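Data first, discussion second: the structure below is written as structure tokens.
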Amino acid sequence: MLKQLLKLIGTASRQPVFVAASALIFASFSLTLWAGILLLSAMAYTPEINREPERQQTINSIVSTEAINGRHFFGQADEEPQVIIEALPETKLNLTLAGLFTSPNQKDTGAIIIDERKQSQYFSIGQELPGGVTLQSVHKDRVVINRNGIYETLFIEDIDAPQTRFAKDKSQLDGTSIIRRRIEELKKKQVANQ
């Protein structure tokens, strides 16, 4: 039988189809064996766990986020903007500041302003002036007005020479009395209009 098997192999070796088929069978067997070994080694693999990220996470948890939040890097939303009054431009509106009234109580602070029609009126802080602007604040020699978010100043006229505005003879009231009387008239007029 061995002789017949050797004779068959010898005959097969002379035939190129048998040699090619044998080589193909051997290659497919080798490839299947290699794939099986890879599969088994992949299933048996256990990766090493790196404990370094855990240690890094505990270090990061020591930093307090509340301390960072308390620093207000971009400012606080409720804060009023700081306005440097001396640096504000003078308004180009046709308004004249005739009188100023300052007080520690903001409700009592106001100004008398004359518009382009030469009509004077008393305004409190926050009220709208002629020209669509708002009275923002009152100071010793000027008022600050807000024109669509842009601050401008309006200076009082003749602040260096207030005595030239009013006559000083005995028959007339002094300037302070005239201003006070005019303010009271304007306040009454304003209350009557509301």
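Details
- Total residues in region 111-150, condition in a strand (DSSP E or B), more than 33 Å from the chain's Cα centre (by Cα) and in contact (Cβ under 8 Å) with a residue 24 or more places away in the chain: 6
- Count - residues of region 78-110 that are within 27 Å of the chain's Cα centre (by Cα) and in a strand (DSSP E or B): 0
- Considered as a group, the residues in region 164-180 that are surrounded by 11 or more Cβ atoms within 10 Å (Cβ to Cβ) and in a helix (DSSP H, G or I) include one that is modelled with the lowest pLDDT, and that residue is 175.
The values are calculated or read from the model by the stated rules, or taken from the named source; none is laboratory data. None of these values were measured; they are calculated from a predicted model. Every residue, glycine as well, gets a Cβ built from its backbone with ideal geometry; the counts of neighbours run over all protein chains shown.
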